[in-house]
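In what follows, a single structure is set out as structure tokens and then discussed.
Only the coordinates and a few stated rules stand behind these numbers; no lab work does. Every value quoted in this text rests on a predicted model; they were computed, and no experiment measured them. Backbone-built Cβ (ideal geometry, glycine too); neighbour counts: all protein chains shown.
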Amino acid sequence: MSDPDRKLWEGMLAYLRANHPTICRQWFEEIEPLGVSGGALNLRAHSNVHRDYLRRQCLEPFSEAVQQVADRLISVRFLGPEDEIASDGKPQSRTRTARPGEAAAPIPESLTINPDYDFSSFVVGPGNRYAHAAAIAVANKPGHAYNPLFIHGKVGLGKTHLLQAVCLKIKESHPETVIQYLSCESFVSHFTESIREGWMTEFRHAFRDVDVLVIDDIHFLGARVRSQEEFFHTFNTLYQANKQIVLSSDAPPEHIPDLEERLVSRFKWGLVSEVEPPDYETRVAILKTKAKMRGLDLPEDVACHIAARVDTNIRELEGAVTKLQLRSVVEGRPIDLEIARAALGENTAPTTSGPTIQAIIDAVTEFYSVRLTDLQSKRRQRSIALPRQVCMYLARRHTRHSLEEIGGYFGGRDHTTVMHAVRTVDEKRGVDQDFEHVLQALEGRLRDRR
Ligand code: ADP
Ligand code: MG
């Protein structure tokens with residue numbers, strides 16, 4: 001690779017970060033420019049999963065970038081570690097050698113896997129600890145740890161992420177493993193089509209001659225009688241051959257409506273694990289991880305600010321990071337609290353009718369002439385400790401945030417500190433009339449603001 005190629009690529013990276021920030025990932029740094037051939041710049045990704053992400057998400061913005069930077073008509077071509085550039089300039093993917101008896105008929109393709117969803121970007125917290133540990137165990141020893149592994153939970157809590165992390169990890173450590181990963185919906189539609197077109201042999205081959213079968217959203221099988229019958233046999237074949245099965249669902253097996261009893265019981269043979277909503281600390285960590293993955297610098301106070309407001313679906317946390325990123329690029333300045341507030345704007349209305357943490361902080365910091373950073377610091381002098389306790393007290397009394405979240409927000413303190421603050425303020429209100437008046441005034445102000 002020559003210097004001009006490297007320069008061209010670096011120029012493209014800068015262009016992409018400025019104009020298409022949301023597709024950018026930290027690993028773009030590892031992309032290797034291989035020079036121009038046949039009218040295209042060849043870019044090599046460090047794995048096929050990364051190459052596929054580029055091909056899927058990035059062709060247009062990259063083409064735009066290369067033309068802007070090179071100032072001529074040129075396209076881009078994405079290669080994986082083993083793809084070679086043929087003499088005609090076209091990349092040639094090395095295809096997997098066919099297994100004995102492999103059919104040439106249309107085989108359902110595995111869903112593409114998102115390189116963002118690996119174990120390193122999955123934040124472990126109290127709500128997902130067991131599911132995560134089980135997924136790791138399965139990825140390390142497919143077919144031998146828990147079979148099947150059944151992960152269930154509400155939408156947006158990381159089930160698909162865990163399933164894909166399992167696939168990525170197995171592919172990384174045992175590239176020869178044959179994995180079939182797809183949504184249950186896709187299983188059902190392939191099945192219906194195969195019956196109609198007479199492709200059942202190929203269909204069965206695609207699902208039964210694999211080492212690992214991963215099916216997302218298996219609850220979709222509910223009430224689909226013939227698909228359930230087919231899946232029952234698929235399951236048995238794989239299970240008897242010690243092949244790993246991993247399933248996700250929005251409900252535990254026994255609560256999937258209209259699922260045959262024999263499937264319900266099989267789904268419980270291995271390990272059934274639930275993912276639950278993340279607590280405050282986990283949300284902060286998720287925000288930081290998502291930001292880092294995109295090469296973004298997310299200050300602590302901004303992460304805390306968002307984590308305190310977006311508290312149900314993790315997908316929304318990621319959405320918040322995207323909004324911040326766009327806003328910061330548009331305004332041409334680094335992410336700070338002000339950008340965060342603007343970016344979250346109208347969508348951050350609290351779910352309760354009470355005041356927000358922000359309204360409490362505004363009222364308290366103004367009254368006591370302190371700054372939020374002081375309240376979040378470790379400083380214990382009285383002029384800061386008291387307003388901090390007042391904030392915790394008001395947050396506890398007038399918002400739905402948990403002790404843990406409040407403690408985390410005010411400088412990573414634990415829930416006993418918040419309980420102590422609430423007790424102290426309550427006691428002081430009872431004995432100190434001036435203080436009682438201050439509290440009444442603050443509470444009045446919060447009420448008026450609603
Ligand atoms: P589900 O399949 O349960 O509906 P997803 O796996 O699609 O949820 O997750 C939704 C989003 O939240 C994805 O962007 C995913 O990366 C993210 N996410 C969920 N849990 C975590 C976690 N523990 N750490 C990091 N990201 C997470
Ligand atoms: Mg999902």
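With the highest mean first, a sort of the peptides 244-250, 320-326 on other beta-carbon atoms found within 10 angstrom per residue produces 244-250, 320-326.
Calculated from DSSP H runs of 4 or more alone, at -39500 (n - 2.57) each and per residue, what is the 222 nm mean residue ellipticity of the chain, nearest 500?
So the calculated ellipticity at 222 nm is -16500 deg cm²/dmol.
Does the chain classify as rounded, prolate or oblate by the C-alpha gyration tensor (a ≥ b ≥ c root eigenvalues; a/c under 1.5 gives rounded; else a/b over b/c gives prolate, otherwise oblate)? Note, shape of the chain comes out oblate. Distance between the C-alpha centres of region 266-336 and region 150-202: 26 Å, rounded to the whole angstrom.
Projecting the Cα positions of PHE78, SER37, GLY11 onto the charge dipole of region 3-79 (unit charges on Cβ atoms of Lys, Arg, Asp and Glu, taken about the Cα centre) puts PHE78 furthest along the positive direction.
GluC sites (Glu not before Pro), restricted to region 167-256: which are DSSP loop and have at most 16 other Cβ atoms within 10 Å?
Numbers: sites: GLU172, GLU176, GLU185, GLU193, GLU197, GLU202, GLU229, GLU230, GLU254; in loops: GLU176.
The qualifying sites are GLU176.
Peptides 272-278, 133-139, ordered by how many other C-beta atoms sit within 10 Å of their residues on average, highest first, read 133-139, 272-278.
Under the classification rounded if a/c is under 1.5, otherwise prolate if a/b is larger than b/c and oblate if not, where does region 3-79 fall, given a ≥ b ≥ c as square roots of the Cα gyration tensor eigenvalues? Rounded.
The spacing between region 216-255 and region 399-425, judged by their C-alpha centroids, is 44 Å. Charge dipole of the chain (Cα centre as origin; +1 on each Lys and Arg Cβ, -1 on each Asp and Glu Cβ, all else neutral): 800 debye, rounded to the nearest 20.
Let me know the shape class of region 280-343, please: from the alpha-carbon gyration tensor, a ≥ b ≥ c as square roots of the eigenvalues, rounded when a/c is under 1.5, otherwise prolate if a/b is greater than b/c, or oblate. Prolate, because a/c is 1.5 or more and a/b exceeds b/c.
Here the contact order of region 129-287, divided by its residue count and restricted to Cα pairs under 8 Å and six or more residues apart, works out to 37 percent. Excluding same-chain residues fewer than 8 positions from LYS292, which lysines have a Cα within less than 29 Å of its Cα? Here the lysines satisfying the reach criterion relative to LYS292 are LYS7, LYS154, LYS159, LYS169, LYS171, LYS323, LYS378.
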